[in-house]
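Data first, discussion second: the structure below is written as structure tokens.
The values are calculated or read from the model by the stated rules, or taken from the named source; none is laboratory data. Please read these numbers as outputs of a predicted model, since none were measured by experiment. Note: ideal-geometry Cβ built from the backbone for every residue, glycine included; neighbour counts use all protein chains shown. Please note that ligands, DNA and RNA were not included when accessible areas were found on the heavy atoms of the full protein model with its side chains. Shrake-Rupley method; radii C 1.70, N 1.55, O 1.52, S 1.80 Å.
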Amino acid sequence: MDTTLRDGEQTPGVALNAEEKLWIARKLDEIGVSVIEAGSAITSEGEREAIKAVASEGLDAEICSYCRIMEQDVDYALECDVDSIHLVAPVSDLHINVKLKKDRETVRQMSMDTIQYAKDHGLIVEFSGEDASRADRDFLRSLYIDGVDAGADRVCYCDTVGLLVPEITREVFSDLSSVLDVPVAVHCHDDFGLAVANTIAALGAGAREAHLTINGIGERAGNTALEEVVMILEWLYNYDTGITSNELYRTSRLVSRLTGLPVSANKSLVGANAFTHEAGIHVHGLLADTSTYEPLEPEILGRERKIVLGKHAGKSSVTLALKELGLDVDNAQLGEILSRVKQLGDHGKHVTDSDLQTIADTVLNIYRESRVKLEDYTIVSGNKVMPTASVRLSVDGKEVIEADIGDGPVDAVLNGVRKAVADFADIQLEEYHVDAITGGTDALVEVLVKLSRDGKVVTSRGARTDIIMATSEAVINGINQLMQN
Ligand code: MN
């Protein structure tokens, strides 16, 4: 059972409208989920419209609504034309006495009445014990037995606040599945990070149904993640779940987008980093055989392997990434590209393909044309000083020092560079474009300039995290191209 649309939607701050629920429900049905808990019909008119929309979509999955042990809740579920109800009775004394202000036998009677009422109206009933992990075990067992006698088609044991451990889970589920002759379901929460472990333990001990949500979303720390349970069963236990695994990543993205809940980068299987490799030595291993540093192939989940370059980048990962861009470089060029990638990496940046393309283009250009080199520059700028730049260039091996002012620091350094080469060439700046490639103030800045000399026009670029460095680099590159002949 997938409860993304009910328990998942109970995540603080999440509200899905009918159309959004329908998108998610279609996807869940497409990947092969057996039961979709579409919501809680008692909640609101809008919720009922959404559940009704899902129920009338003609999906293969059984469509279910959450209900409390009250006839009114069942009536609302019936209004939505669902196939089944997830009928939840509080079963711990804490919930029975403190929350409901009733006693065990009253809860038993209310449960049986509601089960019978729902069965009389043709619904499939999954009878669920809320806070079961803190309930008296003998009471709980007798309640389930009575529930099945009253017509419940399945029962569910809810670890409502995530207190189970796998050892207790195995005990509980082997007991329940041996005394009950209907399927037993498990519903876990991840308050201690054990939701998946407990769910797997329950399934191993006889549970035949698990309540899951995409990305593990749900109240507080969330529910058991569907994609994790599916892949654990498929990949680690060699069990066929019937779920289309290569749609799991797209499903995860859809739910994240529609709920507005981001998936953390290190989340198993569906997190951004789950199949992303950075460290140089790992990439070296991956080049030989991807299984060296991957537990399974990303394609199995409908994903792709990503190699990003950062501070741990090595020659092999940069060479590999350059090859994928169709670029061949010599050793000196590779060294310069690597050092620029590492500079960005030291700032915590990941170097994307377009970053690398820009860096490589820039470096290859510099190595082709090198009559003019920028040795260093100094800029003074502020709201009460005239922006002033001094630059030191080497032109054909000779040192040239020059200074100039400008409208701003970028303009000042440009003027300084142009003045320094004025004896060799009269360079005009025709156009200037600046672009932050990956966004953020620490992003790689790409500067494109169009320069002209005696009617000859060239476009050149510079790429640095510093806009002034990027500008100088672009201009020097352009000047070198113009001075080539
Ligand atoms: Mn729950």
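Quick notes on this structure:
- Accessible-area composition of segment 169-264, carbon plus sulfur, in percent [1.4 Å probe]: 49 percent
- Under the convention that each Lys and Arg Cβ holds +1 and each Asp and Glu Cβ holds -1, the size of the dipole of the chain around its Cα centre is about 1760 debye.
- Helix 195-204 and the longest principal axis of the Cα set of the chain meet at an angle near 50°.
- Between helix 467-482 and the chain there is an angle of about 50 degrees, using the helix long axis and the longest principal axis of the Cα atoms.
- Unsatisfied cross-links (Cα-Cα over 31 Å) in the set Lys267/Lys311; Lys315/Lys373; Lys311/Lys456; Lys27/Lys102: Lys311/Lys456; Lys27/Lys102
- When only alpha carbons of segment 1-140 are considered, Rg and Dmax amount to 15.3, 44 Å.
- Cβ-placed point charges (K, R +1; D, E -1), dipole of segment 368-482 about Cα centre in debye, nearest 20: 160 debye
- Per residue, in Å², the accessible surface of segment 123-162 once ligands and nucleic acids are set aside, probe 1.4 Å: 28 Å²
- Label zone at Asn246 (point 7 Å along Cα-to-Cβ), backbone N below 19 Å, segment 3-46: 27-33
- Net charge of the neighbourhood of His284, taken over other residues with C-beta under 13 Å away and scored Lys/Arg +1, Asp/Glu -1, is -1.
- Prolate/oblate/rounded call for segment 8-259, Cα gyration tensor, a/c under 1.5 rounded: oblate
- Degrees, to the nearest 10: 166-179 long Cα axis against longest axis of the chain: 40 degrees
- The chain: translational diffusion in µm²/s, Stokes-Einstein, Kirkwood Rh over Cα pairs, 20 °C, 1.002 mPa s: 80 µm²/s
- If you take the Cα centroid of segment 1-79 and the Cα centroid of segment 406-485, the two points sit 58 Å apart.
- Listed peptides 118-129, 288-299 by packing density, highest first (mean Cβ within 10 Å): 118-129, 288-299
- Segment 203-265-segment 317-349 distance, computed between alpha-carbon centres (Å): 37 Å
- For the peptides 379-388, 176-185, residues were scored by their other Cβ atoms within 10 Å and the scores averaged per peptide; the highest-first order is 176-185, 379-388.
- For the peptides 217-226, 269-278, the ranking by mean Cβ contacts within 10 Å, running from highest to lowest, is 217-226, 269-278.
- About its Cα centre, segment 58-110 has a charge dipole of approximately 540 debye under the convention of +1 per Lys or Arg Cβ and -1 per Asp or Glu Cβ, with nothing else charged.
- Accessible carbon and sulfur surface of segment 368-482 relative to its total accessible area, %, 1.4 Å: 47 percent
- A cut-off of 5 Å between modelled amide H atoms, ignoring neighbours fewer than 5 places along the same chain, links Ala425 with no other residue.
- Simple rule: put +1 on each Lys or Arg Cβ and -1 on each Asp or Glu Cβ in the chain, find the dipole, and look at Ala50, Ile405, Gln357; the Cα lying farthest toward the positive end is Ile405.
- Karplus 3J(HN,Hα) series, Hz, for segment 314-325 with 6.51 cos²θ - 1.76 cosθ + 1.60 (x for Gly, Pro): x, 4, 5, 6, 5, 4, 4, 5, 5, 4, 5, 8
- Accessible surface of segment 276-365 [probe 1.4 Å, protein heavy atoms]: carbon and sulfur percent: 50 percent
- Glu399 versus Trp23: modelled label distance in nm, points set 7 Å from Cα along the beta carbon direction: 6.3 nm
- Accessible area (Å², per residue) of segment 368-482, counting only protein heavy atoms and a probe of 1.4 Å: 50 Å²
- Probe 1.4 Å, accessible area per residue of segment 1-92, Å²: 35 Å²
- Straight-line cross-link partners of Lys306 among the aspartates and glutamates, defined as a Cα under 16 Å from its Cα and at least 8 positions apart when in the same chain: Glu278, Asp289, Glu294, Glu297, Glu324, Asp353, Asp355.
- Averaging the sequence gap over all C-alpha pairs within less than 8 Å and six or more residues apart, then dividing by the number of residues, gives segment 114-253 a relative contact order of 17 percent.
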